[in-house]
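The structure appears right after this line, and notes come after that.
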Amino acid sequence: MKRAHFSMICGLIIAYLAAFAVSCGSEEQGYNSYDLFSINDEMRAQVTEGVKNLDPSYKDTFEEKLEALVDRSNMPEITNQNSIQPYMDTSEYQEFKRHILSNAPGSYYLLIDIFLSGDVKITPFNYMFQDIVDASYPGLINKVLDKLEGTTVEEFMMLYSEVCVEFLLQEITRT
């Protein structure tokens, strides 16, 4: 149970940092959206190549489902809650998740791309990312936490997304 709480806290911190970086106008200052998180060039190229190789009709459907999720998630009855559960309980999120899971592993390239870009205007997108990853690869988040055990808070914040993406890309390429 401790790990679940720790994972939720980490997700909140990363979501806050992403929102802060976006609100500071990182693109206006000349930063690439990937600068919100630290990933190496090889992983960045793997994600870019994976997205490029996806069927255009799949990308369109993915974007439509994501847009529906964003629209629903920004409605007052969802945003006025003090919990992430209302976001996760929407039919739009369930449909988005189902779409990704049924098109895995290729769909994960788009999911990673969105996760790293910080462009999604849904506050708990980190939780959604973790929920979807955990549905396909149970225990992956625990592997990330194990690898980062013993790091300082600052080191953890700098390494979390890179390690998470690294492990997810390893799983994708195995399947």
**Study point:** Every residue from segment 70-96 that is among the small types (Gly, Ala, Ser) and farther than 10 Å from residue 122 by Cα
**Key:** 83, 91
Practice item. Determine whether segment 57-78 contains at least one residue that is in a loop (DSSP other than H, G, I, E, B), hydroxyl-bearing (Ser, Thr, Tyr), within 26 Å of residue 39 (Cα to Cα) and touching a residue at least 40 places away in the same chain (Cβ under 8 Å). Key: no
Exercise for review: Could you figure out which of (1) over 17 Å from residue 43 (Cα atoms); (2) in contact (Cβ under 8 Å) with a residue 24 or more places away in the chain; (3) in a helix (DSSP H, G or I) isn't true of residue 114?
Suggested key: (1)
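Output the residues belonging to segment 149-162 that are open to solvent by 10 Å² or more (accessible area, probe 1.4 Å) and either touching a Ser or Thr at 6+ places or on another chain (Cβ under 6 Å) or touching a residue at least 12 places away in the same chain (Cβ under 8 Å) (or both). Even if it seems obvious, please write down each step before you answer.
First pass over segment 149-162, keeping only residues open to solvent by 10 Å² or more (accessible area, probe 1.4 Å): 149-159, 162.
156, 157, 158, 159, 162 - these are the residues of segment 149-162 that are open to solvent by 10 Å² or more (accessible area, probe 1.4 Å) and either touching a Ser or Thr at 6+ places or on another chain (Cβ under 6 Å) or touching a residue at least 12 places away in the same chain (Cβ under 8 Å) (or both).
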Review point. Residue check: is residue 96 of a type in the set (Phe, Trp, Tyr), buried (at least 17 other Cβ atoms within 10 Å of the Cβ) and within 12 Å of residue 165 (Cβ to Cβ)?
Key: no
Check your understanding: Can you find a residue in segment 27-42 that is part of a helix (DSSP H, G or I) and modelled with pLDDT of 55 or more?
Key -> yes
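The values are calculated or read from the model by the stated rules, or taken from the named source; none is laboratory data. Owing to the predicted nature of the structure, the values given are computational and were not obtained by experimental measurement. Cβ atoms come from the backbone with ideal geometry, glycine included; neighbour counts cover every protein chain shown. Remember, those area values only see protein heavy atoms, side chains included, never the ligands or the DNA or RNA. Shrake-Rupley method; radii C 1.70, N 1.55, O 1.52, S 1.80 Å.
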